[in-house]
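Working notes, beginning with the structure itself.
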Amino acid sequence: MGILAHVDAGKTSLTERLLYAAGVIDRVGRVDDGSTQTDSMDLERRRGITIRSAVVSFELPAPDQPNLAAPVRPSLAAPDQRGLTVNLIDTPGHSDFIAEVERALSVLDGAVLVISAVEGVQVQTRLLMRTLTRLRIPTLLFVNKIDRMGARYDDLLADIRRLLTPAVIPLGSVEDLGVRNARYVPFAAQDKRIAEVLAERNDTFLARYLDDDLRPGDYAAELARQVAESLVRPVYFGSAMTGVGVPDLIEGIRTLLPRASDSADEPLQASVFKVERGPAGEKIASARVFAGLLHSRQTIDVYRSGPSYGGPHGDPSYRAKPTGIRIFERGGTRPVDQVEAGRIVALRGVKEIRIGDQLGRPGERGGQLFAPPSLETVVRSADRVKLYQALQQLAEQDPLIRVRKDDEISVSLYGEVQKEVIASLLESEYGLAVTFSETQPIHVERPNAVGSAYREIGDPRNLWAADVGFRISPAPVGAGIDYRLEVELGGLPRAFHTAIEETARQTLLQGLYGWEVTDLRLDLTHTGYSAPVTVAADFRRLVPLVLMEALQEAGTTVHEPVHRFELDLPPDSVATVIGKLAESAATVEHSEVLPEHARLTGLIPAGRINGFEIQLPGLTHGEGVLLTTFEAYLPVTGTPPYRARTDGNPLNQKEYVLHLNQA
């Protein structure tokens, strides 16, 4: 189960309250004094925000056991007398750390989305709800901070229906809203406000409801079914600080969110969603076990998606043998010899392991949920070698942080807050003081036409004992690199094929203008070698020259990242804001101006978003809310930007060969 929210909605405080209710901790920690269980990094404690996803496991005993307070009206939930082990993932709330949230979403059975009763639906709330809906993850909404001045009920429910989803069911009301002793009052299971929403999505239930042919248990069962199928989203109200409403939420977690299936008899399948390093620098991987049993020191097939991982017949990328397995339990971990499906484990002893690795067999879940980072910055330090090594280790924990090394070292980012996090980690964990350049957008290149090139042994321009030829042609947007063989697979040793594909993909990270080349079909048209002289290194050195020659013939166009925006603002600010959007090279595609509020939608270049966001509060009296999501890469108008090369420049053979000789 995941706990998700916009930053400062009270997500980590709710996690603390759940742990306290389950008896894991004897006092509720506070975010503002750094005493919470899940925010363990120094920077998390100082800033009061979650940066890395944290896993904690606890037991919810059966309702008849006395050590957990029961909610006021348990009749809202379907009967279930079993205890429940909850593996809870506390995720970051700030949009700069959306990659952490993405990895958590890939292993969830259900989620609790926290909304502040005061601040209401915020930018990240909307982005998270869209993703939960797209993935059909059963979700409970918890409206927090009902004891705070300015807390809302009816208006907030209207905003939730308008901005998140109309398929919400409030399961109770609030008395004394906005004061310290605010109380949550659950509705009865047969309450018409619940029944009418359920009836909208089930004609059979509607007919029985109109005929007065439903028992109390039928309402509870239908609610549980529709939640499990992501048809409705129950809404609870409460306060993580006082504990009000939390017992009702706990009962909803127990009875409405689906349990992991019992699939111990199936072959092992597990997914790695987090990698960190222990005190001695060893890798510790967090993985969700979806099926089968995982044993300590068991030899496991590991599958990894991406360039040249795995064989053409679905062979594993590598084999691993974990030296230790720990399960999360009662706020900590303990060692075990084996673990069953449904658990989250911490694995040690696998040096090669990375986020996204699939253990045992490839999993069904996968694919990128959010756009990759569209910004980058140069990082500078007095010790460049140590800086590069440190950033490589940080990239293991966040694979979307891409590190480039040329005359300068750059990293990719989602936003400005990540700079502070990276700087703090480099200083605290590696003793490095760093500075950053101004953040710039990351562009891509796409081929314009078909281009081909071929060099064979004996060609005066070919200095290596290898033949290779390529044809590049444009492919549909989103295709990435569609790598295909026009040669017989058995015509070369497999190691040579691996060297060719790996090098080709690596070469295309820097196109004619230095940006990554994407959305192309790459055909391997010619291969050859001379036994026993040829080695894989011959292909690795030759491929960049031939591939760049083909790319030059095809030509490329540089594209910039463009985001779709939704901007809610006061009606009297519309004209001024449209003018500022035009100055930011944005295009307004649709506007809706009502007496109470206005909304603008359109497209804006990613590199202009931060500057516009800084101006927005002053333009809208502090009331403007901007939501941006990656839309597409669109052609750059004017002179395309050039990015410095780090590959020795295979566009110039003399320069490239000199680079190889100096390496």
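The values are calculated or read from the model by the stated rules, or taken from the named source; none is laboratory data. Nothing here was measured: the structure is a model prediction, and the numbers come from that model. Note that we place each Cβ from the backbone using ideal geometry, even for glycine, and neighbour counts take in every protein chain shown.
Structural remarks
- Any hit, the stretch 182-204, residues being of a type in the set (Lys, Arg), over 22 Å from Leu249 (Cα atoms), assigned by TED's automatic domain parsing to the domain that holds Arg130 and in contact with a helix residue (DSSP H, G or I) (Cβ under 8 Å, 6 or more places away or on another chain): yes
- Just so you know, in the stretch 436-452 the residues that are β-branched (Val, Ile, Thr) and under 24 Å from the mean Cα position of the chain (by Cα) include one that is farthest from Val477 (Cα to Cα), and it is Thr439.
- Yes/no for Val546 being on the phi < 0 side of the Ramachandran plot and in a loop (DSSP other than H, G, I, E, B): no
- Scanning the stretch 133-166 for residues that are under 25 Å from the mean Cα position of the chain (by Cα) and closer than 19 Å to Thr12 by Cβ gives Thr139, Leu140, Leu141, Phe142, Val143, Asn144.
- Check on Leu387, more than 29 Å from Glu560 (Cβ to Cβ), modelled with pLDDT of 90 or more and not in a loop (DSSP other than H, G, I, E, B): no
- All of Val107, Val101 fail the test of being in a loop (DSSP other than H, G, I, E, B), farther than 17 Å from Leu256 by Cβ and of a type in the set (Val, Ile, Thr), apart from Val107.
- Some residue of the stretch 422-433 being part of a strand (DSSP E or B), buried (at least 18 other Cβ atoms within 10 Å of the Cβ) and not aromatic (Phe, Trp, Tyr): no
- Residue among Ile194, Ile169, Ile250 that alone is in a helix (DSSP H, G or I) and under 29 Å from the mean Cα position of the chain (by Cα): Ile250
- Of everything in the stretch 585-603 that is surrounded by 17 or more Cβ atoms within 10 Å (Cβ to Cβ) and touching a Lys or Arg at 6+ places or on another chain (Cβ under 9 Å), the residue that is farthest from Leu164 (Cα to Cα) is Ala586.
- The set of residues from the stretch 123-162 being charged (D, E, K, R) and in contact with a helix residue (DSSP H, G or I) (Cβ under 7 Å, 6 or more places away or on another chain) comprises just one member, Arg126.
- Residues of the stretch 609-643 classified as touching a Pro at 6+ places or on another chain (Cβ under 7 Å) and loosely packed, with under 12 Cβ neighbours inside 10 Å, total: 1
- Residues that are surrounded by fewer than 19 Cβ atoms within 10 Å (Cβ to Cβ) and assigned to a helix (DSSP H, G or I), drawn from the stretch 200-211: Asp203, Thr204, Leu206, Ala207, Arg208, Leu210
For every residue, the table says whether it meets (1) of a type in the set (Asp, Glu); (2) in contact with a Ser or Thr (Cβ under 7 Å, 6 or more places away or on another chain); (3) under 26 Å from Leu391 (Cα atoms).
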| position | (1), (2), (3) |
| --- | --- |
| Val403 | no, no, yes |
| Ile409 | no, no, yes |
| Pro460 | no, no, no |
| Leu463 | no, no, no |
| Ala466 | no, yes, no |
| Gly478 | no, no, no |
| Gly490 | no, no, no |
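- If you go through the stretch 618-642 and pick out every residue that is on the phi < 0 side of the Ramachandran plot, modelled with pLDDT under 90 and not in a strand (DSSP E or B), you end up with 3.
- Some residue of the stretch 651-659 being surrounded by fewer than 12 Cβ atoms within 10 Å (Cβ to Cβ) and out of contact with any helix residue (DSSP H, G or I) (no Cβ under 7 Å at 6 or more places or on another chain): yes
- The stretch 505-533, residues that are polar (S, T, N, Q) and within 18 Å of Glu488 (Cα to Cα): Thr525, Thr527, Ser530
- The residues of the stretch 89-127 that are under 16 Å from the mean Cα position of the chain (by Cα), closer than 28 Å to Gln358 by Cβ, modelled with pLDDT of 85 or more and buried (at least 23 other Cβ atoms within 10 Å of the Cβ), listed by number, are Ala111, Leu113.
- The one condition from (1) of a type outside the set (Lys, Arg); (2) crowded, with 19+ Cβ neighbours inside 10 Å; (3) assigned to a helix (DSSP H, G or I) that Ala158 does not meet is (2).
- Residues located in the stretch 212-247, provided they are modelled with pLDDT of 90 or more and in a loop (DSSP other than H, G, I, E, B): Glu229, Ser230, Leu231, Val232, Gly238, Ser239, Ala240, Met241, Thr242, Gly243, Val244, Gly245
- Any hit, the stretch 556-567, residues being modelled with pLDDT of 95 or more and in a helix (DSSP H, G or I): no
- Output for the stretch 198-216, where each listed residue is farther than 15 Å from Ala167 by Cβ and either aromatic (Phe, Trp, Tyr) or more than 38 Å from the chain's Cα centre (by Cα) (or both): Thr204, Leu206, Ala207, Arg208, Tyr209, Leu210, Asp211, Asp212, Asp213, Leu214, Arg215, Pro216
- Lone qualifier among Arg27, Arg45 - being assigned to a helix (DSSP H, G or I), in the same structural domain as Lys145 (by TED's automatic domain parsing), modelled with pLDDT under 85 and out of contact with any helix residue (DSSP H, G or I) (no Cβ under 6 Å at 6 or more places or on another chain): Arg45
- The stretch 235-275 - residue that is acidic (Asp, Glu) and closer than 30 Å to Arg304 by Cβ and, of those, surrounded by the fewest Cβ atoms within 10 Å (Cβ to Cβ): Asp265
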